Amino acid sequence: MSERMIDHMGLPVANLKAAMAFYEKALAPLSMSVAMKFSMDESDPERLDGVAFGAGKPLFWLSPGGPVKPPLHIAFRAETRAEVRAFYDAALAAGATDNGPPGIRPHYHATYYAAFVRDLDGNNIEAVCMKPESEA
């Protein structure tokens with residue numbers, strides 16, 4: 001069975017343009033960028049009703065309507081520990097607040113290396129690499 005269970009997910013946010021700018025910076029170290037933008041109003045192409053991030057395929061959608069209460073926890077997979085650190089630094093520089101600096105989380109398992117931030121709406125956003133240090 002594949003480790004992949006979820007095809008894509010959506011997150012309603014309080015300010016779509018601000019969230020898009022935040023996630024453009026925070027997800028760049030994980031090789032994710034804007035994969036799609038859309039407007040539900042064909043007469044107003046400047047209207048932004050949704051934006052999706054991914055690496056070639058829209059995976060993580062943002063739409064107006066948040067913030068979600070209680071806040072969500074979303075973990076993005078990183079290929080290396082350096083990507084986890086770069087995500088953390090980029091997210092903080094983009095306006096996130098610290099919710100756990102990069103490091104091993106042995107209570108999950110011996111090679112669980114992660115960093116946690118709170119996004120602009122208070123969601124707990126994580127980047128995680130589960131490879132041993134020798135492979136990451």
Whichever aspartates and glutamates have a C-alpha closer than 17 Å to that of LYS25, once near sequence neighbours (fewer than 8 apart) are set aside: GLU83, ASP89, ASP98, ASP119, ASP121, GLU126
Share of alpha-carbon pairs per 5 Å distance bin for the range 1-63, given as whole %: 4, 18, 25, 24, 16, 7, 3, 1, 1
Pair GLU133, HIS109: separation of 7 Å Cα→Cβ label points (nm): 1.9
The chain, relative contact order [Cα under 8 Å, separation at least 6], %: 24
Nearest-ten-degree value, helix 16-27 long axis tilted from longest Cα axis of the chain: 30
Zero-based 10 Å bins, Cα pair distances in the chain, whole percents: 13, 41, 34, 10, 2, 0
Acute angle (nearest 10 degrees) that the helix 81-93 long axis makes with the longest principal axis of the chain, alpha-carbon atoms: 40
The range 9-129 - charge dipole about Cα centre, Lys and Arg +1 at Cβ, Asp and Glu -1, debye rounded to 20: 400
Long-range HN-HN contacts of LEU11 with modeled amide H, under 5 Å: TRP61, LEU62, SER63
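Here, each number is a calculation from the coordinates, and none is a lab measurement. Everything numeric in this text was worked out from a predicted model, so none of it was measured. We place every Cβ from the backbone using ideal geometry, glycine too, and count neighbours over all the protein chains shown.
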